[in-house]
Structure formats: structure tokens, C-alpha cells
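Here's the structure, in C-alpha cells; my notes come after.
The values are calculated or read from the model by the stated rules, or taken from the named source; none is laboratory data. These figures come from a predicted structure and were not determined experimentally. Note that we place each Cβ from the backbone using ideal geometry, even for glycine, and neighbour counts take in every protein chain shown. Side chains included, ligands, DNA and RNA excluded: accessible areas come from the protein's heavy atoms. Shrake-Rupley method; radii C 1.70, N 1.55, O 1.52, S 1.80 Å.
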Amino acid sequence: MSFPVSSAVRLVRVILFAVLALVVPRIALAQTVTIPDSGYTRAEGDGKTAPDRNNIKPEVITYDDCANDRGYNIVVNTTAYDQTSELQLWAGTQDCTNVTVRSGSTQQCWRAFPGAVPRVASSTINVKVRDILSYAKTQPDYVKAGDDVCAKAAQANITLYYIFVKGGEAAGTGANKVFTVDTVGPPAPTEITTGIGEQLLVVNWKPSSETTDTQSYNVYCDDGTLPATDASAPVDSSTTADAGVASDASDASGDAQAFAASSSGISTQANTSGTCSSSALIEGSVPPASIKPCGTVSGPAATTATVTDRVNGVTYAVAVSAVDQYGNPGPLSTITCATPAPTDDFFDLYRRSGGSAGGCNEAGSGSVSAMVVLGAIALAAFVRRRRA
């Protein structure tokens, strides 16, 4: 049996069209994107490689990374790139390959890179940490994130999705990379008090309520030379100003405590109704990365720190922040002020207690307090002699 030539040609054409109909979609779907296992490195704001961090994995994003505008240099490899599609980078906590989570009222993902990833077999793109954290879910276009996102990302896993997009739908085989994000430190410690000494401050506090995540505490000191911050958190008007030691001459126990403190080179710091403020340290705000702590102590249960190398006569605004396992500082505590000063000797305390050269004064109450201090000293000297 034979077919006419025209009929045979038509049959061949039909078969070819059928084959093409099956093959062309497969070619379009063959485009893939991959990220090598070691194809990403942390980068400084200028794109240069950032130094390694002790005991913190590269894929962990911290407050310090965000505040310093760091990012990641990520190697992207593509094959069979369909020129009618666009390789886009999305971020989210859900599967961003679904168009419903990338647009409209159900949008849950956000663009993490402006425009399309270059149409080349292999490229390295710099993805900013702030864009990974932006949560800008109001539109399908890229929105550049600012530093205001840095203190808002509680611990979570955010995934970067490399998606071939054609007509809004995902096409081909994409790739993803998971990052652990934690930029929020523990709650602030409370009950901040200060003591003073010769060129030093002694800062005391009640530990943060989040003891499982707290690893250390940072103390911050502002003598008025720190750069002002843009933080808008108000300063608590109940914070205290420098009031010297044992200012109440009628309180005998206060005099004895002040003398005991001075004998160890540290004076107590009493609270007053004054206001202590700082343009750089704002209660309830995360300290800016540009401000370095004046002291650090380790341990979740730490309650005190001694800050040395201060200047006598200069008033310092002091605040404390708890720090977590990733080095994230939490919000600052209330602000208190203290002024380092030379250690008081006995006669300074004696006169401050109301004593005069003759051992009494007209007011009477001051001399009683002074006599208590003298008696305490005499008793201590007697005990030491008996022990000797």
C-alpha cells in the first residue's frame, strides 16, 4: 500500500508538530538555577569579604550584620536559560514559588534583589542583609530596605528563592538558600545603680528576665562626646543624677555605709529626683553599632561591672544592655549618671556628716552622726588591736 507524496508530507508534518509540541515545553522547563554548597560568603558593605565570626555560622544574620549594612556574595549558576523568562530573587518564610504568595492581598514574600539576576551561565550577586530582612510585602517590586529593619527581626528562618518567572508564574527549576535571622537581643536589665571611685565607675543591675538567651552584659558610658542617635525612645524622667555620698547628715547608718564604701576606694551613689539624659543613649532603644561599650562582663547572672580609665570630675550617663548568643545587644536600661572622684578620706566624711574642727556644731544632729562614725572607727581599731 502506498500514499501519495502530498499525503506523506502532510503526515510527516503532523508528526513533527506533535513531537515539537511535546519537546518545546520540556526545553523551557529544562532551565535550572543552582547555588554551590560553598557558593556564598559574608560581605562588608563595600562588597569585600567579611571576617569570620567565632562560633557563629556564616548563614546566621545578626544585628551587627544589619547595622553595618553587610550582605552576601552568592554564586548563581544557570543552565538552558529561557530568554523569555526572568530570574528573580525573593525572600520569605513561606514557599515563594507560588504566585499567590508573591502578589495581591495574599502576598507573603518580598523581592530581595533589584531587577533580574544576570542572564549568564555563572554570576556572583551581592544580596544585602537588610533586603533579606525587609518584609516589604506591599508590592511585587523591589523596595530598598533601610537600617530601621535591623532591630525588628526576632529569631526566624528566612529563605531566599531563585525563581524563573514567566508571565508571573514560576518556570523551570529554581533554587533556595535558608538563613537564620536573629537581630533582637534580650530584655534590658533593671534597677540600675552606680558607685564611684578614683577614675572609675561601679555599675550594678538586676539581670535580664531572659536568662536562657543572655550571654553577657554591655555597659555604655556617655560623657557628652558620643554621637547623637536618631532613636526616638523617650528618656525616663525617673532616672537619677549624681548626688555624691551620704548627703543626709541626720542619717547615722548612711554615714557608716558611706565610710565603709570609701574605705574600699568606692563611694555610694545616691538617687535624687533629678533627670539624667543622653543624646546618644536612649532608654529602650538598641545602642547604635557606632557606639562601643565602655565595659563588658560575661554570664547571664552577672550583676556588676567596674569601668576604669574614667576622668575624675566628668559626669557620665550610664546604661546597660543584655547581649545574646549571637552578640545582639538588647535595648538599653534606664539611664543613670555618675561622676568619678578621688576617694574620700575620714575627715571629708566627718565634715560631710556635720562635724566641725571641735567635733560638734550648733545644729546638734550633725554632731551625733559624726560621733557615730567616730565610734565605729574607734571600735574597728580596737578590734584590730585585740586580734593583733
Subject >> Heavy atoms of Thr304: accessible area, 1.4 Å probe, square angstrom to 10 >> reply: 60 Å²
Original post:
Pulled fully out, how much extra length does the chain show between Ser123 and Ser209, if you take 0.36 nm times their separation in residues and subtract their Cα-Cα distance?
Top reply: 26.3 nm
Original post:
Extension gain Asp52-Lys292, at 0.36 nm per residue separation less the Cα-Cα distance, in nm?
Top reply: 84.4 nm
Original post:
Quick one: if the Förster radius is 22 Å, what FRET efficiency do Asn157 and Ala301 give, using the C-beta to C-beta distance and rounding to 0.05?
Top reply: 0.15
Subject >> Rel. contact order, % - alpha carbon contacts under 8 angstrom, at least six apart, segment 98-213 >> reply: 19 percent
Original post:
So what does Lys206 come to for accessible area, using a 1.4 Å probe and Å² rounded to 10?
Top reply: 100 Å²
Original post:
How much of the accessible area of segment 52-125, probe 1.4 Å, is carbon plus sulfur, in whole percent?
Top reply: 46 percent
Original post:
Around Ile132, with a cut-off of 14 angstrom between Cβ atoms, what is the net charge of the other residues, counting Lys and Arg +1 and Asp and Glu -1?
Top reply: +3
**OP:** With a probe of 1.4 Å, find how much accessible area segment 82-184 has per residue, and write the answer as a whole number in Å².
**Re:** 45 Å²
